[in-house]
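S.K.: The structure is given below, and queries will be raised subsequently.
No lab work stands behind these numbers, since they all come straight from the coordinates. Note that the structure is a prediction, hence the values are computed from the model and not measured. For neighbour counting, all protein chains shown are included, and Cβ atoms are generated from backbone atoms with ideal geometry for every residue, glycine included.
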Amino acid sequence: MRLYSYMAMNTQTSNRLDAAFFALSDSTRRAMLARLSRGEASVGELAKPFRLSQPTISKHLKVLERAGLIESDRDAQRRPRTLRLKPLKDISNWIEPFRAMWERRLDNLDRHLATMSDQED
């Protein structure tokens with residue numbers, strides 16, 4: 001079964017997923033990623049919607065960088081951040097077997113309910 005293969009992943013892959021899920025567990029970091037999905041942004045641009053101190057914003061960005069979800073570049077004095085898609089793809093690949101399993105279960109339930117409905121008529 002495919003689910004088992006994801007559960008038996010190597011330690012390095014597991015650690016990357018742990019870091020990514022931890023990073024995604026915070027609404028501020030998710031909002032920052034959503035902003036970066038529209039293109040690169042400076043720290044100031046990422047901080048703008050939040051009433052957070054600069055050190056707090058920096059901590060959030062470090063968590064995202066350690067998880068590999070963003071990267072920083074240097075453009076003169078500006079250090080824009082960009083979204084990295086590979087870690088998000090890894091998360092999607094890990095979640096996919098669970099989504100597919102629940103979709104099959106719901107399809108089975110739909111068929112069962114339709115059969116019951118047909119029997120009542």
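S.K.: Hey, can you rank 37-44, 114-121 by average C-beta count inside 10 Å, highest first? Mind dumping the intermediate values first?
M.R.: Working: 37-44: 13.1, 114-121: 7.9.
Taking the mean over residues of other Cβ atoms within 10 Å, the ranking is 37-44, 114-121.
S.K.: Can you compute the FRET efficiency between ARG104 and THR13 using 1/(1 + (r/R0)^6), with r the Cβ-Cβ distance and R0 = 22 Å? Round to the nearest 0.05.
M.R.: Working: r = 25 Å, r/R0 = 1.14.
After rounding, the FRET efficiency stands at 0.30.
S.K.: Would any residue of the stretch 43-68 have its amide N under 13 Å from a label point 7 Å out along Cα→Cβ of PHE22? List them or say none.
M.R.: Of the residues in the stretch 43-68, 60, 62-68 have backbone N under 13 Å from the label point off PHE22.
S.K.: Right, something else. Per-residue ellipticity at 222 nm for the chain, helices alone: DSSP H runs ≥ 4 residues times -39500 (n - 2.57), over residue total, nearest 500 deg cm²/dmol? Display every interim value, and only then the final one.
M.R.: Working: 6 runs with 84 residues, N = 121.
That calculation yields -22500 deg cm²/dmol at 222 nm.
S.K.: Seen from all sides and averaged, what is the projected area of the convex hull of the Cα atoms in the stretch 36-121, in nm²?
M.R.: Details: hull surface 36.7 nm².
Computing the convex hull of the Cα atoms and averaging its projections yields 9.2 nm².
S.K.: Would you tally the net charge around SER117, using a Cβ to Cβ cut-off of less than 15 Å, leaving SER117 out, and scoring K and R as +1, D and E as -1?
M.R.: Numbers: positive: ARG111; negative: ASP110, ASP118, GLU120, ASP121.
Its environment carries a net charge of -3.
S.K.: Which value in nm describes the separation of the simple spin-label points at ASP73 and ALA34, placed 7 Å from the Cα toward the beta carbon?
M.R.: Going from the ASP73 label point to the ALA34 one covers 2.5 nm.
S.K.: Here's another thing I want to ask about it. Any idea how far apart LEU113 and GLU65 come out in nm if each label point goes 7 Å out from Cα toward Cβ?
M.R.: Taking the simple label geometry, LEU113 and GLU65 are separated by 4.9 nm.
S.K.: Per-residue counts of other Cβ atoms within 10 Å, averaged by peptide: what ranking do you get for 100-107, 82-89, highest first? Intermediate results must be reported in sequence, preceding the final value.
M.R.: On the way: 100-107: 10.6, 82-89: 14.6.
Ranked from most to least packed, the peptides come out as 82-89, 100-107.
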